[in-house]
Structure formats: structure tokens, C-alpha cells
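Below is one structure, written out as C-alpha cells; comments come after it.
The values are calculated or read from the model by the stated rules, or taken from the named source; none is laboratory data. As the structure is a computational prediction, the values presented were derived from the model and not from experiment. Cβ placement follows ideal geometry from the backbone for every residue including glycine, while neighbour counts extend to all protein chains displayed. Ligands, DNA and RNA are stripped out before the accessible areas are found, and what is left, the full protein with its side chains, is counted by its heavy atoms. Shrake-Rupley method; radii C 1.70, N 1.55, O 1.52, S 1.80 Å.
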Amino acid sequence: WVFLWQKGYQETDSVVSSVTTKVKGVTLTNTSTLGARIWDVADYVIPPQGENTVFVMTNVILTLNQSQGRCPELPDDKTECQVKNNSCFPGYVSTHSNGIQTGECVSYNSSIKTCEVLAWCPVEDDSHIPKPAFLQAAENFTLLVKNNIWYRKFNFSKRNILPTINSTYLKDCIYDAHTDPFCPIFRLGQIVEAAGQDFQEMAVEGGVMALQINWDCNLDRAASHCVPKYSFRRLDNKDTAHTVSPGYNFRFAKYYKNSDGTESRTLVKAFGIRFHIVVFGKAGKFDVIPTMINIGSGLALFGVATVLCDIVVLYCMKKRYYYREKKYKYVEDYEL
């Protein structure tokens, strides 16, 4: 079994890999805040290039025209205050603060007062996440994955854009496990669905996906048989019983100067799906040394098996005395 099924006659090597990605897709949104706006790759892929990863923004909370100054903090149990019983402390800052308290209690709206802070104003309010996701059309964006692999021991290299794929085919193909299993272009919605998830649901708060490429190659066969196998799975935990801090998001800002020379920014809280390209595999090729080692080990096992059988029969079975009489022949030594 070890020699044939596990290919004990082969020397093996692990894969060395490099990955580059390219996302394509354009969509249009129309909101009361931004109006009609086109979103292309430069807007929703952040950063433009990652190490074996690509992040696609699917939802967003924008805080426009922030500038440094004084403004009321968001209301919660620790920031709400009363003028007569002021609970604001100058210089106080907590983990969840948007700024540093000035010690003043000011109006947040007509009915609520909160502590004033030195911050980028107005402060961000992320209590309501847009539903459905801001960039619903992201499920139709495409991801091109270019993967080069190398097996050092055998000096064998290959890439996932196979020699049979030409530029005409590459322009139009979309990966399909049945009809186009070697197309390196994937529709984002299809990746998520293949992992048993709902793209529109995942797009609201974000998540982490794995696109796995398996290169298991038998190099005793022709190189054309060494081809990639793709699979997909969700990496972040989606458990309805544990809903604290779900999904994947981060913040960044776009800065600019106003006509009067003051600095302003647009704060972006981006929700999206992070795609990890995970490459693994093993190659094997016939070699004399592992062949002889496994043959020798197999022969040695036959000898061990004989000893074990003798121990069982001679000491454990009910008819051990009968077996001992048949196995051994006793002779008497007569003195001459």
C-alpha cells in the first residue's frame, strides 16, 4: 500500500509559488449625499496590490468635509452629560473616543448634550451600516489570478495560465468547475457562492475568503498532466451565536486643501471582502534511493511479522503447547 498507493518509490518536493492579481469592474451609484458616481478599480481595490491578497470594498460609511476643531462627541453612556452636573474632564480620552475632551458639555442635538472634543469634526457616526451593501454590483466584478510555481528539486516550473490558453480565450472566459476548470478569471460572486455563502449578505459587513490552488503533480507523467485545481472557502468565523465584531473593515482618509488653505479630509470606513490566494502542493518523481529504502523496509516487516506471530501463538493461544511441540524438536544428548 505504501509503495504503490502512496508512491513510496518517488522523491517529493513542496511547491514554491508567486501570485499576482488584477480586479476589473465598474459600477454606478446614486445617493443623496454623493449624487451619481462611477466606481472603478482605483476606488474599491485597497491597496492596489497586496501580498497574495486582494481587498475589494463592497460597503462604505463616508464622513465628508472633516476639519480639525471642536465638536460634540457621539452620545453614549460615557459621553452624555448635563450642564449642571458636568461629567466631562479636560484631556480625557478613551479607546473608543473620536477626540480629546475639552471639559465642556455642549449640545449634540435638541435633546442630547455630550462632552465636547478636539477632533476631526464632524465626528464619524458608524452606528448604522448601509443595507443593502453600497456596491451591490461587486459580485459581478472579476478577479484574474496569475500563479507561477516551481519545484526546486526537479527544476520544474509552470503557471496556471496553461499553454493551451490563448489571448482570445482569456478575454472571454470565466471560471466554471465543469465547463472552464482552468480559466484563471473568477467572478467574485461565484467565489463566495462556491464556498456556500451569500455574496449580498457578506458584502454588508465584509469577510475573508480563500481561493485555494492545489498543485499535486506526478512528474513521472507528462508535464501536461500537472494542472491547478481550484477550491474556495470562507476563512472568518460566521457563527450566528457569536455576533461580536463580525466581518472585515478598516478606515482610511483622503486629504485635501480648501481654498482658504485649511486642511480637510473625507473619512472612509470601508467594509469588504479580502481574498487570500493560498497555493499548496507536492510533486513526486521516481528516485532509486526512496525505492530501495521502502523495499528494504517492506522486507524487514515480513521478518518482524514472523516474530510477532510466533509470540502470539506460543504464549497467548490455548493450544500453545501443541504448537510448541510441532515447532521445536527435542533431542536427548547421550553421553558416549
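Output wanted: per-residue J couplings in Hz (rounded whole) for region 268-279, from phi through Karplus 6.51 cos²θ - 1.76 cosθ + 1.60, θ = phi - 60°, x for Gly and Pro.
10, 9, 9, 9, x, 10, 9, 9, 9, 9, 10, 10
Once amide H atoms are placed 1.01 Å from N in the peptide plane, what residues at a sequence separation of 5 or more from Gly281, or on another chain, have their amide H within under 5 Å of its amide H?
Here the answer is Val15, Trp215, since their amide H atoms fall under 5 Å of that of Gly281.
Could you pull out the pairs from Lys24/Lys146; Lys78/Lys257; Lys113/Lys269; Lys113/Lys257; Lys146/Lys285 whose alpha carbons sit more than 23 Å apart here?
Beyond 23 Å: Lys78/Lys257; Lys113/Lys269; Lys113/Lys257; Lys146/Lys285.
As a test of reading the structure, rank Tyr248, Tyr151 by solvent-accessible area (1.4 Å probe, protein chains only), most first.
The ordering from most to least exposed comes out as Tyr248, Tyr151.
Of Cys183, Thr12, Asn59, which is farthest towards the positive pole of the chain's charge dipole, taken about the Cα centre with +1 and -1 on the beta-carbons of Lys, Arg and Asp, Glu respectively?
So the residue we want is Thr12.
Which cysteines in the chain lack any other cysteine whose Cβ sits under 4.7 Å from their own Cβ?
Cys309, Cys316
Under a Cβ-Cβ cut-off of 14 Å, what is the net charge of the residues other than Thr142 that fall near it, where Lys and Arg count +1 and Asp and Glu count -1?
0
Report relative contact order for region 25-179 in percent, whole number only (criteria: Cα-Cα under 8 Å, sequence separation at least 6).
Reported as a whole number, the value is 21 percent.
Taking the Cβ of Val16 as the centre, find all other residues whose Cβ is under 14 Å away and add up their charges (Lys, Arg: +1; Asp, Glu: -1).
Here the count lands on +4.
Only Cα pairs under 8 Å and at least 6 apart count here; give the relative contact order of the chain as a rounded whole percent.
Result for the chain is 22 percent.
Over all directions, average the projected area of the Cα convex hull of the chain and note it in nm².
36.3
Rank Pro90, Pro72, Pro184 by mean-square fluctuation in a GNM of the chain with C-alpha springs under 10 angstrom and give only the top-ranked residue.
Pro90
Using θ = phi - 60° and the Karplus form 6.51 cos²θ - 1.76 cosθ + 1.60, what ³J(HN,Hα) does each residue of region 207-221 get, whole Hz, x for Gly and Pro?
Whole-Hz 3J(HN,Hα) from phi for region 207-221: x, 10, 10, 10, 9, 9, 10, 9, 10, 9, 10, 9, 7, 6, 9.
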